[in-house]
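Peer 1: Attaching a single structure in structure tokens format; questions to follow.
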Amino acid sequence: MSEGARALTAWTPDRRAFLLRKLHSLTGVVPVGAFLVEHLWTNATALGGQAQFDEAVLGIQRIPMLPLVETLFIFAPLTFHAVYGVWLSRQAKPNVAHYTYSRNWAYLLQRITGVLTFLFILVHLWDYRIQKWLYGMTTESFYPELARHLSDVRYGIPWYGILYLVGVASAVFHFANGLVGFCASWGITTTRRAQSRATVLFGVFGFVLFLLGANTVLYFATGTRLYIPMGDTPAPSCAPDPSTRSSSTSPTRSPVR
Amino acid sequence: MAKRVVRLKVLRQDGPHAPETKRWEEFDVPWEPQMNVISSLMSVQKNPVTADGKTVAPVVWESSCLEEVCGACTMIVNGKVRQSCTALIDQIAPNGEVITLEPMTKFPLVRDLIVDRSTMFESLKRVKAWVNLDGSHELGPGPRQSQENQEEAYPLSRCMTCGCCLEACPQVNATSKFIGPAAISQVRLFNLHPSGKMHAAERLETLMGEGGVADCGKAQNCVEVCPKEIPLVDSIAQVSRQTTKHMLFGWLLK
Ligand code: HEM
Ligand code: SF4
Ligand code: SF4
Ligand code: FES
């Protein structure tokens, strides 16, 4: 019966767990959360056409010592947050079946979206980072590759577009709900009322961030700019157009797919 | 007209080290006005015969005050943790529904519906949930407590260590060392007290140890189930703020 019960002496004054927890919480917001916002923002420049998108990507490429900056400020903190997050998720004993309160659902979803986001990031890294290393995919080929990739339809289902929509949704939910948790665990919101106000605030923020990310995915998948009309640059075609074909065909046509 | 009966479905086990005896048993007891779960268990004790006619050892449980102030009778009634003495049969089973009774799952089982909640008492000792006295000699009157301070402290002082909040907390379980919301709230209480304050840093440092306040996952079940309506989420956030400050500036103040 008492699967949840434990021994009396299961405790030590060791400060390590506390500091790791705090570091986990902090890395979720800066730099990982901040990067998520920046990333979705940069990607949304694609709504203005390939020229604008390539410009934004080049802007990033021009950051001095980019590999070092990326490793220190994105890969390392993200890996730490993700690995420790999976470990923390395994400690949870969800009980939404009996205690159906909304915050309890949010608690469970925070863990599910964490794991989903983790898996999605792995797929996404394979698509646009690891292949860049392995096969010398160029940054100018990102745009046509994304268009080809996200509009891929199998058995009438735009499965890759859906995968990306789910990935964006789970990352954004995790970040927005994480901000509510962050405010509680650092003692910024010290009453339940303040925490529900934070939930509304970050809920709206998360929704807007999701619309931004979803619009980009939808644009690459279908060529529609749903809510952000930007000039009249041509929509990306599912097949790369001749001008970019030279740089984007053979080497980048992912040999695996 | 057939006599009205109350059907209880009880999760039983003969002892802490007898998981093989874990079983559900059902009992029909005669309905009485104003009946609650404890009085229906008393009926089972008088006539320990299951619904299918087998005579068994009577079901054991704990209770004391019978008015929701001691916490002894806490168990899982129809899937949710609560005090069984105030679980009125007419409210929880108005149309004669089966009532399920289970022991809490976050504490070591003693037998049937009885669990051992000493972990909670150990936690209170660990966080020094008291005001220290440094001798038996006359110390004169203590510092005055402001009205505001009293109003914040009183609700926290109502905790009866019943364990509902730990039972409902998804972060309290066999794989974690999380101390749980009740003791954290007591740290807030004693850190508010004008004399208790003198040991505030010590209490915070305990809660900055393994299984301390940072293990809360913000699920807020605790505050939903607390029968004393103690603002546990506020307490956890308050103590989080205190530990954050202590972590960032504690060394400066030493
Ligand atoms: C897009 C990437 C990610 C962002 C922006 C992000 C952001 C955050 C933020 C802001 C928090 C709140 C911290 C707090 O509660 O104090 C958080 C919590 C959490 N994250 Fe992430 N995270 C990301 C990826 C992941 C991944 C890949 C995992 C792996 C499973 C994960 C697991 C968790 C868990 C379990 C918590 C809850 C901690 C708790 O409340 O006890 N996160 N995250
Ligand atoms: S708010 Fe924290 S202590 Fe309360 S139930 Fe949730 S995880 Fe447990
Ligand atoms: S805080 Fe509430 S639920 Fe928790 S032990 Fe105290 S009285 Fe019970
Ligand atoms: S017997 Fe004391 S709370 Fe139920």
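Peer 1: Does B:ALA174 fit the bill of being within 28 Å of A:GLY114 (Cβ to Cβ) and more than 11 Å from chain A (Cβ to nearest Cβ)?
Peer 2: Criteria not met by B:ALA174.
Peer 1: If you take the residues in the stretch B:156-171 that are out of contact with any helix residue (DSSP H, G or I) (no Cβ under 8 Å at 6 or more places or on another chain) and near ligand 3 (Cβ under 6 Å from one of its atoms), which one is farthest from the other protein chains (Cβ to nearest Cβ)?
Peer 2: Ranking the qualifying residues of the stretch B:156-171, first place goes to B:MET160.
Peer 1: Next question. Give the stretch A:96-112 a look and list any residue that's more than 9 Å from chain B (Cβ to nearest Cβ) and among the aliphatic types (A, V, I, L, M), or say none.
Peer 2: A:LEU109, A:ILE112
Peer 1: A further question follows. Which ones in the stretch A:113-134 are touching a residue at least 40 places away in the same chain (Cβ under 8 Å) and either in contact with a Cys (Cβ under 9 Å, 6 or more places away or on another chain) or over 16 Å from A:TYR164 (Cα atoms) (or both)?
Peer 2: A:GLN131
Peer 1: A follow-up question, please. Condition (residue is within 16 Å of ligand 3 (Cβ to nearest atom), closer than 28 Å to B:GLU224 by Cβ and either away from chain A (no Cβ under 14 Å) or among the aliphatic types (A, V, I, L, M) (or both)) applied to the stretch B:3-23: is it met by at least one residue?
Peer 2: Checking the stretch B:3-23: not a single residue is within 16 Å of ligand 3 (Cβ to nearest atom), closer than 28 Å to B:GLU224 by Cβ and either away from chain A (no Cβ under 14 Å) or among the aliphatic types (A, V, I, L, M) (or both).
Peer 1: Just checking, how many residues over the stretch B:128-168 are within 19 Å of B:ARG203 (Cα to Cα), outside any helix (DSSP H, G or I) and within 16 Å of ligand 2 (Cβ to nearest atom)?
Peer 2: 2
Peer 1: For the stretch B:123-145, state whether one or more residues are free of Cβ contacts under 8 Å to residues at least 60 places away in the same chain and within 14 Å of the chain's Cα centre (by Cα).
Peer 2: No: zero hits.
Peer 1: Also, quick follow-up: Filter the stretch B:227-253 for residues that are within 9 Å of ligand 2 (Cβ to nearest atom) and among the β-branched types (Val, Ile, Thr) and give the result.
Peer 2: Those that are within 9 Å of ligand 2 (Cβ to nearest atom) and among the β-branched types (Val, Ile, Thr): B:VAL233, B:ILE236.
Peer 1: Ok, one more. Output the number of the condition that A:ALA92 fails; it satisfies all remaining conditions of (1) without any contact (Cβ under 8 Å) to a residue 24 or more places away in the chain; (2) surrounded by fewer than 16 Cβ atoms within 10 Å (Cβ to Cβ); (3) of a type in the set (Gly, Ala, Ser).
Peer 2: It is condition (2) that A:ALA92 fails.
Yes/no matrix, rows are residues, columns are (1) away from ligand 3 (no atom under 14 Å from the Cβ); (2) at positive phi; (3) open to solvent by 20 Å² or more (accessible area, probe 1.4 Å):
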{"residue": "B:VAL44", "(1), (2), (3)": "yes, no, no"}
{"residue": "B:ASP52", "(1), (2), (3)": "yes, no, yes"}
{"residue": "B:VAL59", "(1), (2), (3)": "yes, no, no"}
{"residue": "B:CYS65", "(1), (2), (3)": "no, no, yes"}
{"residue": "B:THR74", "(1), (2), (3)": "no, no, no"}
{"residue": "B:VAL77", "(1), (2), (3)": "yes, no, no"}
{"residue": "B:ALA87", "(1), (2), (3)": "yes, no, no"}
{"residue": "B:ILE92", "(1), (2), (3)": "yes, no, yes"}
{"residue": "B:ASN95", "(1), (2), (3)": "yes, no, yes"}
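Peer 1: Also: Quick check on the stretch B:211-226. Is at least one of its residues more than 12 Å from ligand 2 (Cβ to nearest atom) and in a loop (DSSP other than H, G, I, E, B)?
Peer 2: Looking for residues that are more than 12 Å from ligand 2 (Cβ to nearest atom) and in a loop (DSSP other than H, G, I, E, B), one finds none in the stretch B:211-226, hence no.
Peer 1: Is at least one residue of the stretch B:179-188 away from every other protein chain (no Cβ under 11 Å), more than 16 Å from ligand 4 (Cβ to nearest atom) and over 30 Å from A:THR100 (Cβ atoms)?
Peer 2: no
Peer 1: If you check B:LEU113, B:LEU156, B:LEU109, B:LEU101, which single one turns out to be modelled with pLDDT of 95 or more, farther than 27 Å from B:LYS177 by Cβ, of a type outside the set (Val, Ile, Thr) and open to solvent by less than 60 Å² (accessible area, probe 1.4 Å)?
Peer 2: Result: B:LEU101 is the single residue among B:LEU113, B:LEU156, B:LEU109, B:LEU101 that is modelled with pLDDT of 95 or more, farther than 27 Å from B:LYS177 by Cβ, of a type outside the set (Val, Ile, Thr) and open to solvent by less than 60 Å² (accessible area, probe 1.4 Å).
Peer 1: Moving on to the next point. Quick one: B:ASP14 ticks every box in (1) within 27 Å of B:ILE179 (Cβ to Cβ); (2) surrounded by fewer than 19 Cβ atoms within 10 Å (Cβ to Cβ) bar one, so which box is it?
Peer 2: Of the numbered conditions (1) within 27 Å of B:ILE179 (Cβ to Cβ); (2) surrounded by fewer than 19 Cβ atoms within 10 Å (Cβ to Cβ), the odd one out for B:ASP14 is (1).
Peer 1: Of all residues in the stretch A:167-192 being in contact with a Phe, Trp or Tyr (Cβ under 7 Å, 6 or more places away or on another chain) and among the β-branched types (Val, Ile, Thr), which is farthest from ligand 3 (Cβ to nearest atom)?
Peer 2: The extreme case among them is A:VAL168.
Peer 1: Do we find that B:MET198 is surrounded by fewer than 20 Cβ atoms within 10 Å (Cβ to Cβ) and either facing chain A (nearest Cβ under 7 Å) or more than 10 Å from ligand 2 (Cβ to nearest atom) (or both) in this structure?
Peer 2: yes
Peer 1: Determine, yes or no, whether A:ALA184 is open to solvent by less than 20 Å² (accessible area, probe 1.4 Å) and either in contact (Cβ under 8 Å) with a residue 60 or more places away in the chain or more than 30 Å from A:VAL86 (Cβ to Cβ) (or both).
Peer 2: no
Peer 1: In the stretch A:97-126, what residues are outside any helix (DSSP H, G or I) and within 12 Å of ligand 2 (Cβ to nearest atom)?
Peer 2: Once the filter is applied, which keeps residues that are outside any helix (DSSP H, G or I) and within 12 Å of ligand 2 (Cβ to nearest atom), the stretch A:97-126 yields A:TYR99, A:TYR101.
Peer 1: When you look at B:ALA182, is it within 16 Å of ligand 3 (Cβ to nearest atom), open to solvent by less than 20 Å² (accessible area, probe 1.4 Å), in contact with a Gly (Cβ under 8 Å, 6 or more places away or on another chain) and touching a residue at least 60 places away in the same chain (Cβ under 8 Å), yes or no?
Peer 2: So B:ALA182 passes the test.
Table: residues versus (1) of a type in the set (A, V, I, L, M); (2) within 15 Å of ligand 1 (Cβ to nearest atom).
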position	(1), (2)
A:ILE63	yes, no
A:VAL83	yes, yes
A:LYS93	no, yes
A:ALA97	yes, no
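Peer 1: All but one of (1) out of contact with any His (no Cβ under 9 Å at 6 or more places or on another chain); (2) open to solvent by less than 20 Å² (accessible area, probe 1.4 Å); (3) at pLDDT 95 or above hold for B:SER176, so report the exception by its number.
Peer 2: Single failed check for B:SER176: (3).
The values are calculated or read from the model by the stated rules, or taken from the named source; none is laboratory data. Here the structure is a predicted model, which means the values were calculated and not measured. Neighbour counts are summed over all protein chains in view; Cβ atoms, including those assigned to glycine, are modelled from backbone coordinates with ideal geometry. Protein only, heavy atoms only, side chains kept; ligands, DNA and RNA dropped before computing areas. Shrake-Rupley method; radii C 1.70, N 1.55, O 1.52, S 1.80 Å.
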